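Report on one structure; see the data block that follows.
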Amino acid sequence: MTGMLRENCFKDKTIIITGGGTGLGRSMGKYLLELGANLVITSRKLEVLQKAAIELQEQTGGRVLPVTCDVRKYEEIENVIRAAEEKFGAIHGVVNNAAGNFISPTERLSHRAFDIIVDIVLKGTYYTTLAAGKNWISKKQHGVFLNIVTTYAWTGSGFVVPSACGKAGVLALTRSLAVEWAKYNIRSNAIAPGPFPTEGAWSRLLPGDLVKKFDPAQRIPLKRVGDHQELGNLAAYLLSDYSGYINGEVITIDGGEWLRNGGEFSHLESIPPEMWDVLEKTRGK
Ligand code: HXC
Ligand code: NAP
């Protein structure tokens, strides 16, 4: 699990990652720093951001600016953009990674529970996108958006309905702006990760004994969860000029999980070879 892009290929590039102080946002940021990027990490908790910034700088030798920002507040996003430009000059890429999620039967949710997730996932992403996009367009600068969705953005999923609705909206935003803002040389792509262990996701989606009952690796044809560096490699590629002709794409990185679970006969993998021998003898001619 090593980095794959050319050394220093992000030198003098500045990338903003929302929710960049924890989990996958932090891992993607670390790899970008290793490739020479300047990094701006944002979320609601300053202490978490400051600690992450110090650790990431120590680990990579790169430069990290932590700025608090609730993605549901447009002025706070504008403030992040101002602070990033003051510190590093131009901004080159934005990763819409911040999210909120929990599991629950939908009929148990209040309307506020629905709002809280959609407001972070969808509204937070379009606010950030609008603020960064307007800034690039007014300054005639190129830019790239990378939006982190999930595979259930297109299949939907029970028990995480607000998140599924929010992520589906983010997917529509990604594809729509890929076309509309291409004339400004602003690309928009997305990544749909399968399960990658993080404290934030695991504590909310596999709480208590669920983690023992439902081992995510067993649902995956490759029989393992994702490694953060694998996601880092894909994210760095999609943010880099190497992917300059990829626009409006969503790349799944899930070991084959969603296709397997949609495949009519995928469950037949539980049939052992001896039973296949018997079936072969008894099948109709
Ligand atoms: C049902 C819930 C709930 C739950 C909160 N609510 N948690 N309802 N089940 N588990 C309801 C409350 O009752 C309330 O409604 C409303 O939501 C707001 O509640 P708050 O107490 O204000 O919310 P709070 O618990 O403080 O925050 C919820 C949150 C928080 C915003 C989602 O957990 C958070 O900050 N999350 C950020 C990080 C995160 O979620 N990371 C995981 C991303 S993983 P009422 O009506 O009572 O007022 C991910 C992976 C996807 O997306 C794919 C994996 C393969
Ligand atoms: P995580 O560590 O909980 O990341 C979520 C981040 O979003 C946190 O840093 C959180 O920081 C920030 N955030 C939440 N609400 C915010 C708000 N209102 N304003 C600004 N920031 C906010 O979980 P993760 O697993 O790394 O998830 C990262 C992304 O990957 C999410 O988009 C998630 O949907 C996606 N994803 C994860 C998996 C997985 O298996 N882990 C799979 C598919 C998709 P604060 O609390 O400090 O604000």
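FYI, it's all coordinate maths here, none of it is from the lab. Please read these numbers as outputs of a predicted model, since none were measured by experiment. Every residue, glycine as well, gets a Cβ built from its backbone with ideal geometry; the counts of neighbours run over all protein chains shown.
Data table
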{"item": "Complete set of residues in the stretch 186-197 that are within 14 Å of ligand 2 (Cβ to nearest atom) and either at positive phi or crowded, with 18+ Cβ neighbours inside 10 Å (or both)", "result": "A190, I191, A192, P193, G194, P195, F196"}
{"item": "Considering residues of the stretch 32-78 that are surrounded by 22 or more Cβ atoms within 10 Å (Cβ to Cβ) and hydroxyl-bearing (S, T, Y) only, the residue farthest from K11 (Cα to Cα)", "result": "S43"}
{"item": "Where K139 falls short, out of the listed (1) within 11 Å of ligand 2 (Cβ to nearest atom); (2) exposed (fewer than 14 other Cβ atoms within 10 Å of the Cβ)", "result": "(1)"}
{"item": "Of all residues making up the stretch 141-168, the number that are near ligand 1 (Cβ under 10 Å from one of its atoms) and touching a Lys or Arg at 6+ places or on another chain (Cβ under 6 Å)", "result": "3"}
{"item": "Among the residues listed as V161, V211, the single one being hydrophobic (A, V, I, L, M, F, W, C) and within 13 Å of ligand 2 (Cβ to nearest atom)", "result": "V211"}
{"item": "Yes/no for I120 being surrounded by 21 or more Cβ atoms within 10 Å (Cβ to Cβ), out of contact with any strand residue (DSSP E or B) (no Cβ under 9 Å at 6 or more places or on another chain) and in a helix (DSSP H, G or I)", "result": "yes"}
{"item": "Residue within the stretch 169-182 that is within 12 Å of ligand 1 (Cβ to nearest atom) and in a helix (DSSP H, G or I) present", "result": "yes"}
{"item": "Filtered residue count, the stretch 162-172, keeping only those that are surrounded by fewer than 21 Cβ atoms within 10 Å (Cβ to Cβ) and either closer than 20 Å to V40 by Cβ or in contact (Cβ under 8 Å) with a residue 40 or more places away in the chain (or both)", "result": "3"}
{"item": "Counted residues, the stretch 225-258 - those being more than 14 Å from ligand 1 (Cβ to nearest atom), free of Cβ contacts under 8 Å to residues at least 40 places away in the same chain and surrounded by 20 or more Cβ atoms within 10 Å (Cβ to Cβ)", "result": "0"}
{"item": "Selection within the stretch 205-219 - within 12 Å of ligand 1 (Cβ to nearest atom), under 22 Å from P162 (Cα atoms) and either surrounded by 14 or more Cβ atoms within 10 Å (Cβ to Cβ) or among the hydroxyl-bearing types (S, T, Y) (or both)", "result": "L205, L206, P216"}
{"item": "Criterion violated by A153 - all others in (1) out of contact with any strand residue (DSSP E or B) (no Cβ under 7 Å at 6 or more places or on another chain); (2) under 30 Å from N261 (Cα atoms); (3) in a helix (DSSP H, G or I) satisfied", "result": "(1)"}
